[in-house]
Amino acid sequence: MTVPDPHVGRGKSFTALRVVAEEVVRCRRCPRLRRHCLEVAAVKRAAYQEETYWGLPVPGFGDPRAWLVLIGLAPGAHGSNRTGRMFTGDRSGDWLYAELHRQGLASRAVSERAGDGLRLNGVFITAAGRCAPPGNKPLPAELDRCRPFLVRELEALRDVRVRLALGKIGHDAFLAARRARGMADVKPRPRFGHGAAHELPEGGWLLDSYHPSQQNTSTGVLTAAMWRSVFDAAVRLGNPV
Ligand code: SF4
């Protein structure tokens, strides 16, 4: 089984992320999710009938020397589960990569699919879960089973200064991953809120944003200005003058 988007670089971080990605792609720990992903990949959406869906767990994607790590929810059934790359192939990805490019953090404004040559600069994208869940709702036990991958990615990313949680599940997953790494709880416990920045005892920040799902962006819960300002804040926090 090959990793769809091999990380670029060398050194310990690169090697550790590569090993995690290979294990993610082979993982079968959640039978309900694996069944769902394969069913979606076989039936397909009408618009994508000619495409071959990825259908496997989706590994993290990005720069092993990232200063900014993005933590999302889980692959979309016809997005990442189709293309094999985090936040790629649906509207949330359109929002994300356009903004990363605007900030100079992505080589292009559009992410098409794994292997399209897109490069991230200083950013790594991951998620609480790696398999598309029915109704976009992973079960708590499924998130628990997937957490070791997030823990290992966070350990491998040694240069991270800002963790940007895209949605409350990403926020909670990051805090749970800290706990799994043996770190003391942050006190008072950081409460999720769009634009909230929480200073971490180990250094750096946890920053929150609403998830750029169509449900949020089409209803005005998350506007383009709100989205832009959260990335402006990430750049400010991660690169203090
Ligand atoms: S959600 Fe995570 S733990 Fe569960 S099968 Fe997918 S990759 Fe494995």
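The numbers here are math on the coordinates, done by the rules we state, and not lab data. Just so we're clear, the structure is a prediction, and the values are computed from it rather than from any experiment. When we count neighbours, we look across all protein chains shown, and the Cβ atoms used for this are built from the backbone with ideal geometry, even at glycine.
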- Meets criteria (hydrophobic (A, V, I, L, M, F, W, C), within 30 Å of Gln49 (Cβ to Cβ), without any contact (Cβ under 8 Å) to a residue 24 or more places away in the chain and more than 14 Å from the ligand (Cβ to nearest atom)) for Ala98: yes
- Write out, first by first residue and then by second, each pair whose Cβ atoms fall under 6 Å of each other, whose residues are 6+ apart or on separate chains, and whose first residue, in region 135-161, is in contact (Cβ under 8 Å) with a residue 24 or more places away in the chain while the second is away from the ligand (no atom under 12 Å from the Cβ) and of a type in the set (Val, Ile, Thr). Leu157/Val69; Val160/Val69
- Message: Of everything in region 1-51, what is polar (S, T, N, Q) and touching a helix residue (DSSP H, G or I) at 6+ places or on another chain (Cβ under 8 Å)? Give them in sequence order.
- Response: Thr2, Ser13
- Query: Regarding Gly115, is this residue away from the ligand (no atom under 16 Å from the Cβ), under 22 Å from Arg236 (Cβ atoms) and over 15 Å from the mean Cα position of the chain (by Cα)?
  - Reply: no
- State all residues of region 42-61 that are within 13 Å of Arg113 (Cα to Cα), part of a loop (DSSP other than H, G, I, E, B) and of a type in the set (A, V, I, L, M, F, W, C); if no residue qualifies, say none. Trp54, Val58
- Restricting region 63-104 to residues that are of a type in the set (A, V, I, L, M) and in contact with a Gly (Cβ under 6 Å, 6 or more places away or on another chain), the residue that is surrounded by the fewest Cβ atoms within 10 Å (Cβ to Cβ): Leu73
- Task: Could you list, in sequence order, all residues of region 82-139 that are part of a helix (DSSP H, G or I) and aliphatic (A, V, I, L, M)?
- Result: Leu96, Ala98, Leu100
